[in-house]
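In what follows, a single structure is set out as structure tokens and then discussed.
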Amino acid sequence: AGKQVADNRIARSRYEIVERYEAGIALLGTEVKSCRRGNINLRDGFASVNADGCWLMNVHVGKHETTGRVFQHDERRPRRLLLRQREIDQIERGVSTKGFTLVPLRCYFNAGNFLKVELGLARGLKDFDKRALLKDRVEQREVQRELKDFNTR
């Protein structure tokens, strides 16, 4: 998928990802330069849909080091997500369902050298869901370890 710039591992632990979407993102020049250096944080980000389209909110793109103060961008400004109208309508239907939200999962440069954001339509996990998932992962890991030991004998 190209060079990965940022990954939102916290979202994978806090949410159950139901559906995934790939979106382009409209950036300024200094923002692209910062993203190429990996200076982007998706942790507190979310996406919202309104009449103007789909917007990525609260994602931190650090300032570019060698650019002057006049030409710098605001680090947490809302950024337009580039999606087809059909996808926006589909996302809007999903988000309007109670308990669902749209979170950025990862950010990467694709083969055409464009910055893409992978969005996830997500449902929040309760604490007992998280504990059950951790327990399942530990059990899976133990089974894999036993199989590996059995196969090496």
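In deg cm²/dmol, rounded to 500, what helix-only [θ] at 222 nm does the chain give when every DSSP H run of at least 4 residues adds -39500 (n - 2.57) and the total is split over its residues?
Details: 4 runs with 52 residues, N = 153.
Result for the chain: -11000 deg cm²/dmol, rounded to the nearest 500.
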- Any chance you could list P(r) for the chain, counting all Cα-Cα pairs in 10 angstrom bins from zero, rounded to whole %? 10, 33, 28, 17, 8, 2, 0
- Mean Cα-pair separation over length for the chain, i.e. relative contact order, pairs under 8 Å, 6 or more apart, %: 33
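Could you tell me which GluC sites (Glu not before Pro) in the stretch 1-88 are loop residues by DSSP with no more than 12 other beta carbons within 10 angstrom of their beta carbon? Could the numbers behind the result be given before it?
On the way: sites: Glu16, Glu19, Glu22, Glu31, Glu65, Glu75, Glu87; in loops: Glu65, Glu75.
Loop-located and lightly packed - Glu65.
With the other protein chains left in place, how much accessible area per residue, in square angstrom, belongs to the chain at a 1.4 angstrom probe? The partial results should precede the final answer.
Numbers: 10050 Å² over 153 residues.
So the chain comes to 66 Å² accessible per residue, rounded to a whole number.
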- Query: Using all Cα-Cα distances in the stretch 33-103, what percent lands in each 10 angstrom bin from 0 up to the longest?
  - Reply: 18, 42, 27, 12, 1
- Coarse-grained scattering of the stretch 95-153 at q = 0.20 Å⁻¹, given as base-10 log I(q)/I(0) from a Debye sum over alpha-carbon atoms: -0.84
- Task: Could you tally up the Lys pairs in the chain with alpha carbons closer than 16 Å? Skip any pair fewer than 8 positions apart unless they're on separate chains.
- Result: 6
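Carbon and sulfur atoms: what percent of the 1.4 Å accessible area of the chain do they account for? Could the numbers behind the result be given before it?
Working: 4890 of 10050 Å².
Carbon and sulfur: 49 percent of the exposed surface of the chain.
The values are calculated or read from the model by the stated rules, or taken from the named source; none is laboratory data. Remember, it's a predicted structure, so these values are computed and weren't measured experimentally. All Cβ positions, even for glycine, are placed from backbone atoms using ideal geometry, and neighbour counts span all protein chains on display. All accessible areas refer to the heavy atoms of the entire protein, side chains included, with ligands and DNA or RNA removed. Shrake-Rupley method; radii C 1.70, N 1.55, O 1.52, S 1.80 Å.
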